[in-house]
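Presented below is the structure to which this report refers.
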RNA sequence: GGCUCUGUAGCUCAGUUGGUAGAGCACACGACUGAAAAUCGUGAGGUCAACGGAUCGAUACCGUUCGGAGCCA
């Protein structure tokens, strides 16, 4: 067998370049072949991804197709973290089957690699049943891990712990110096002060003996996918975030956090809002201050998400405020299924102004 | 009314024994492969409350005014 390990791992791009990509595309040999094209809905929090996904699933159902929703959000996978993560409501879940919600305990750690395995298994399982997966998520890395050619290198808790201990003892620059020596290319791609990334690079090198790819693969799908992005003006986004934060407060976010007290693991404890609620429970923060902080952090998250998705040239952007978004999304799916789009590219390369700087002053 | 403290970046505050200023957070932009709602980088913000005095030179010293806080009456 001439099976190439690199390939199995998702391939490390940057070597052969565009030409090979084009050939693979022409042959449509997918790393993960599917009968039903996956639809991935991305965009900032509070842009209406869940609502669009449900509307789309229903519209497809009317056309005699089967489509169900897969959660691609790291924090909504946790049981009990409902209000703070703006999990779809019971009514929404009743409308269309949702998968990958409430699948792990808050104490458990989540990771891109683990998520990649879980979603892909689920996508394949549903596909075999003739069901199309509609992915809904706001985390760029997770969305990419689900649909893109992206092989994750191994991981070992002990190796990492040793490196982290060293970073603590010897300082980050000592570790980075070692990385520069062992893998100059990886080192060139990251900041010496970013301990997290330095540690991971050295971890991979220690485990595989091979250099670490410090940069993300080029945009290439591992399966038939259509990505739809929801865009909206910043002012409107901020307004919605404010409203949603207020709603979380009214729905009892504080009580939810009280129930989860002391049970949040390394990943779950980083979810926006929970540390703030904990501070309220400790008495070190007032509720008003806490919710103001939550809204602020959520706004920042939204900016970050817009930046991340704005860079992906394959996303087909729709205006969230457009009254016809649902119909337009359905059209996109139809066109994609008919082979109307090149496998990896949208019809129009997205430009900066798609991403909500409409309300920029001056001009 | 008297006494004391106080007014520096959007916010909380450093600082200059007199040579026109910084930090954290927020904001803008960016990087990103097993914590990603993470981690990290870069940048833009200030007639140092106002006016006057002394000084080569004031945000800093002196005076007055205005605004805040506290104590005593």
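Just to be sure I follow: if Rg is taken over the C-alpha atoms of region A:143-250 and Rh is the Kirkwood radius over the same atoms, what is Rg/Rh?
Rounded to two decimals, Rg/Rh equals 1.15.
Using Cα-Cα distances under 8 Å and only pairs 6 or more residues apart, what relative contact order does chain A have, in percent?
On the way: 512 pairs, mean separation 88.5, N = 363.
Once divided by the residue count of chain A, the mean separation gives 24 percent.
Can you give the extra length, in nm with one decimal, that the chain gains between residue A:210 and residue A:125 once fully stretched, where that is 0.36 nm per residue apart less the Cα-Cα distance?
Net length gain for the segment: 27.3 nm.
For chain A, what's the radius of gyration and Dmax over Cα atoms, in angstrom?
That works out to 21.4, 64 Å for Rg and Dmax.
Using only the Cα atoms of region A:51-201, what are the Rg and Dmax in Å?
Every Cα atom of region A:51-201 included, Rg and Dmax give 19.8, 62 Å.
Provide the percentage of antiparallel DSSP beta bridges, counting only those with both residues in chain A; round to the nearest 5.
In chain A, approximately 5 percent of DSSP beta bridges are antiparallel ones.
Given a cut-off of under 8 Å on Cα pairs at least six residues apart, what relative contact order in percent is computed for region A:113-241?
24 percent
Any idea how far apart residue A:259 and residue A:185 come out in nm if each label point goes 7 Å out from Cα toward Cβ?
About 5.0 nm, to one decimal.
Please report A:127, A:121, A:102, A:331 as a ranked list, fewest other C-beta atoms within 10 angstrom at the top and most at the bottom.
In order of increasing Cβ crowding within 10 Å: A:121, A:331, A:102, A:127.
Binned at 10 Å from 0, what are the whole-percent values of the Cα-Cα distance distribution for region A:38-119, short to long?
With a bin width of 10 Å, the distribution comes to 16, 49, 30, 4, 0.
For residue A:37, put the label point 7 Å out on the Cα→Cβ axis and report which residues of region A:131-147 keep their amide N under 18 Å from it.
Within reach of a label on residue A:37: A:131-136, A:147.
Taking 0.36 nm per residue of sequence separation and subtracting the Cα-Cα distance, how much length would be gained by fully extending the chain between residue A:141 and residue A:63, in nm to one decimal?
Details: separation 78, 0.36 × 78 = 28.08 nm, distance 3.21 nm.
This chain segment gains 24.9 nm when fully extended.
To the nearest 500 deg cm²/dmol, what mean residue ellipticity at 222 nm is calculated for chain A from DSSP H runs of n ≥ 4 alone, each contributing -39,500 (n - 2.57), summed and divided by the residues?
When only DSSP H runs of four or more count, the value is -14500 deg cm²/dmol.
Starting with the fewest neighbours, write out A:103, A:294, A:131 ranked by other beta-carbon atoms found within 10 Å of each beta-carbon.
Neighbour counts put them in this order, fewest first: A:103, A:131, A:294.
Just grab the label-to-label distance for residue A:269 and residue A:292, each label 7 Å out from Cα along the Cβ direction, in nm (one decimal).
In this crude label model, residue A:269 to residue A:292 measures out at 2.7 nm.
Mind sorting A:236, A:170, A:181 by how few other Cβ atoms lie within 10 Å of their own Cβ, fewest first?
A:181, A:170, A:236
Can you give the extra length, in nm with one decimal, that the chain gains between residue A:152 and residue A:168 once fully stretched, where that is 0.36 nm per residue apart less the Cα-Cα distance?
Gain on extension, residue A:152 to residue A:168, equals 3.2 nm.
Quick note: the coordinates plus some simple rules give every number you see, no bench work behind them. In this text, all values refer to a predicted model and were calculated from it rather than measured experimentally. Because the Cβ atoms are built from the backbone with ideal geometry, glycine has one as well, and the counts that use them run over all protein chains shown.
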